[in-house]
Amino acid sequence: MSVVVYIRPEDGLLNISNAKNQLRYFAEIGLIISSATKVYFELNEVRSEDALVRYLETLCTFPFKGMFMLSSILIFLCIPCRLLQLRVAEDILLIVCLPMAWSYLFFFFKGMKSLGAPIVMIGKMLSEDVLRFILIYVIFLFTFSKGKYLQVQLQSR
């Protein structure tokens with residue numbers, strides 16, 4: 001995924017005129033195939049008997065795996081954006097996908113002696129504290145935006 005993002009040209013995403021663009025196309029095809037494979041294996045894991053509950057527990061205790069799955073799914077949304085030539089939408093999707101994909105490395109570093117405890121702590125903070133903060137922030141955002149909207153409406157009368 002990093003190669004795909006790093007060698008993106010500023011214009012002409014559908015152009016295959018030079019070796020750099022050909023390398024990018026092969027990397028993009030590999031990225032789509034690997035994302036499809038990952039989603040397929042995860043769905044097979046969830047389909048097994050009573051595995052959905054365990055899978056959701058894994059996502060709650062370690063959100064980096066869920067973030068990687070979300071990035072794999074968002075990769076598929078880049079395909080229609082490319083075909084419809086929605087460059088900005090595709091760039092936004094890749095900007096969101098890249099950090100989520102890299103965060104999956106934390107899932108494997110969890111087993112290392114020197115990195116395991118801090119990574120588990122970061123995962124707990126993301127799944128508990130940051131999620132709670134985002135929920136409170138969204139509530140305040142909606143209430144204040146509705147209040148500001150009503151204030152503007154009353155002033156315009």
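The values are calculated or read from the model by the stated rules, or taken from the named source; none is laboratory data. Since this is a predicted model, take the numbers as computed values, not measurements. Heads up, the Cβs are rebuilt from the backbone with ideal geometry, glycines too, and the neighbour counts pull from every protein chain shown. With ligands, DNA and RNA removed, areas are computed over all heavy atoms of the protein, side chains included. Shrake-Rupley method; radii C 1.70, N 1.55, O 1.52, S 1.80 Å.
Helix by helix, which DSSP H runs in the chain go 20 Å or more along their axis at the Cα atoms and have an average Kyte-Doolittle hydropathy of -1.0 or more?
Span-like helices, by this rule, are 19-47, 63-83, 87-102, 131-156.
Quick check for me: using +1 on Lys/Arg Cβ and -1 on Asp/Glu Cβ, what's the dipole size of the range 26-157 about its Cα centre, in debye to the nearest 20?
It comes to approximately 460 debye.
Can you give the calculated 222 nm mean residue ellipticity of the chain, where each DSSP H run of n ≥ 4 adds -39,500 (n - 2.57) and the sum is split over every residue, rounded to the nearest 500 deg cm²/dmol?
Value at 222 nm, helices only, nearest 500: -25500 deg cm²/dmol.
Kindly report the accessible area of the chain per residue (heavy atoms of protein chains, probe 1.4 Å, no ligands, DNA or RNA), in Å².
Ligands and nucleic acids excluded, the figure is 71 Å² per residue.
Which one, Ile32, Leu74, Ser145, is farthest towards the positive end of the dipole of the chain when Lys and Arg carry +1 and Asp and Glu -1 on their Cβ?
Going by the Cα projections, it comes out as Ser145.
Ignoring any ligand, DNA or RNA, what whole percent of the accessible area of the chain comes from carbon and sulfur when the probe is 1.4 angstrom?
72 percent
Only Cα pairs under 8 Å and at least 6 apart count here; give the relative contact order of the chain as a rounded whole percent.
20 percent
With the cut-off at 1.5 for a/c, could you classify the range 1-152 from its C-alpha gyration tensor as rounded, prolate or oblate?
Here the range 1-152 falls in the oblate category.
Want the number for Glu128 to Ser48: 0.36 nm per residue separation, take away the alpha-carbon distance, what's left?
26.0 nm
I want to check a number: in the range 15-125, how many lysine pairs have alpha carbons closer than 25 Å, given a sequence separation of 8 or more or different chains?
Taking the range 15-125 as the scope, the lysine pair count is 8.
Give the distance, in whole Å, between the Cα centre of the range 1-73 and the Cα centre of the range 101-142.
20 Å
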